[in-house]
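The values are calculated or read from the model by the stated rules, or taken from the named source; none is laboratory data. Since the model is a prediction, treat every value here as computed from it, not as a measurement. Cβ coordinates were reconstructed from backbone atoms using ideal geometry, including for glycine residues, and neighbour counts include every protein chain displayed. We work out accessible area using only protein heavy atoms, side chains counted, and drop any ligands, DNA or RNA first. Shrake-Rupley method; radii C 1.70, N 1.55, O 1.52, S 1.80 Å.
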Amino acid sequence: MTESLKLTVDEKDDGLAIIHTDGYINNQGGEEIARVAYDLIDKGHKRLLLNLAKTKIVNSIGISILIEIIEKMLEIEGKLAFCSLTPTIEKTFHIMGLAQYAGIHADEEAALAELS
Amino acid sequence: MQQITLTLPMIPDMELTASKTAGAMGEHIGMSRDKIDEVQMAVVEACINAFEHSGAREREVQMKLSVFGSDEANPEGLQILIRDSGVGFDPDPTQKLQPMQKRGHGLRIIHGLMDEVHIESDGKGTTVLMKKLR
């Protein structure tokens, strides 16, 4: 039995969508985020915000899938940002180099200001 | 000496069991929340490395958690040892990874989150010893 990740999506009118995660981002969790993100891209969303407020733990395999989503966003000249990370997840994202390619923000308000 | 020893089967999410146990030990010695979170993330990565990359025929990992320091009532920190009986790898921490390289970041994360990391690896298995100061 695996600990499943729950996702909720808030699609805005202007090509922006917010994905809220709740739970562990491992390989299955990362793949589920990717599936949702690619669906949103197919629907025309070029700006994505991942709100990780309810995620307390991630692993390197999950992060590697997030990197693939960042690469996809760069490919389509879109933008991806993260917000509401725990200090440890933020530190881990910096260790893995994500911060160079995706914005990391304290909260949704700050992230939306950058994405708008 | 305060110590916990676990044998973890290589089954999905078992890294979370290891992580929760390490978190409980961190709380027990009065470690801050942020430091406990870092220990838990490092334990997840060490377990994932063993589960995914060890190639061990014996599908289990040994984990030993203990406190260290001269004063048992006021320990200096937490020490975690994770051992698999896999094929081993070159644990050279100087190997360069590209920032956006997708795989192989587990050890980099462990080094980045823990205060001290020692890795021994040969054809009989890998031992990761990590320390976090309280």
key: Subset of the range A:65-85 (residues that are surrounded by fewer than 19 Cβ atoms within 10 Å (Cβ to Cβ) and facing another protein chain (nearest Cβ under 10 Å))   = A:Glu68, A:Glu71, A:Leu74
message = Quick check on A:Glu90: is it open to solvent by 40 Å² or more (accessible area, probe 1.4 Å), in contact with a strand residue (DSSP E or B) (Cβ under 7 Å, 6 or more places away or on another chain), of a type outside the set (Lys, Arg) and not in a loop (DSSP other than H, G, I, E, B)?
response = yes
task = Could you tell me whether B:Phe51 is open to solvent by less than 50 Å² (accessible area, probe 1.4 Å), of a type in the set (Phe, Trp, Tyr) and either farther than 16 Å from B:Arg134 by Cα or modelled with pLDDT of 95 or more (or both)?
result = yes
inquiry  = Pairs needed: first member in the range B:23-40, facing chain A (nearest Cβ under 10 Å); second member anywhere, in a helix (DSSP H, G or I) and open to solvent by 50 Å² or more (accessible area, probe 1.4 Å); C-beta distance under 7 Å; at least 6 residues apart or different chains.
reply    = B:Asp34/A:Pro87; B:Ile36/B:Glu27
In the range B:16-48, residue surrounded by the fewest Cβ atoms within 10 Å (Cβ to Cβ) [restricted to those that are touching a strand residue (DSSP E or B) at 6+ places or on another chain (Cβ under 8 Å) and under 15 Å from B:Val128 (Cα atoms)] = B:Ala18
query = Taking the range B:41-59, which residues are in contact (Cβ under 8 Å) with a residue 12 or more places away in the chain, in a helix (DSSP H, G or I) and not aromatic (Phe, Trp, Tyr)?
reply = B:Met41, B:Ala42, B:Val43, B:Val44, B:Glu45, B:Ala46, B:Cys47, B:Ile48, B:Asn49, B:Ala50, B:His53
ask   = Does A:His105 count as open to solvent by 10 Å² or more (accessible area, probe 1.4 Å) and at pLDDT below 95?
value = no
inquiry  = Against the condition touching a helix residue (DSSP H, G or I) at 6+ places or on another chain (Cβ under 9 Å), open to solvent by less than 10 Å² (accessible area, probe 1.4 Å), at pLDDT 95 or above and within 10 Å of chain B (Cβ to nearest Cβ), how does A:Thr55 come out, does it pass?
reply    = no
ask   = Of the residues that make up the range B:60-69, is at least one in a loop (DSSP other than H, G, I, E, B), more than 14 Å from chain A (Cβ to nearest Cβ) and open to solvent by 20 Å² or more (accessible area, probe 1.4 Å)?
value = yes
query = Checking B:Phe89 against (1) under 12 Å from B:Gly125 (Cβ atoms); (2) buried (at least 22 other Cβ atoms within 10 Å of the Cβ), which single condition isn't satisfied?
reply = (2)
query = Going through the range B:94-116 one residue at a time, which ones are touching a Leu at 6+ places or on another chain (Cβ under 7 Å) and either modelled with pLDDT of 90 or more or open to solvent by 60 Å² or more (accessible area, probe 1.4 Å) (or both)?
reply = B:Arg108, B:Asp115
ask   = Taking the range A:1-49, which residues are buried (at least 19 other Cβ atoms within 10 Å of the Cβ) and polar (S, T, N, Q)?
value = A:Thr21, A:Asn26
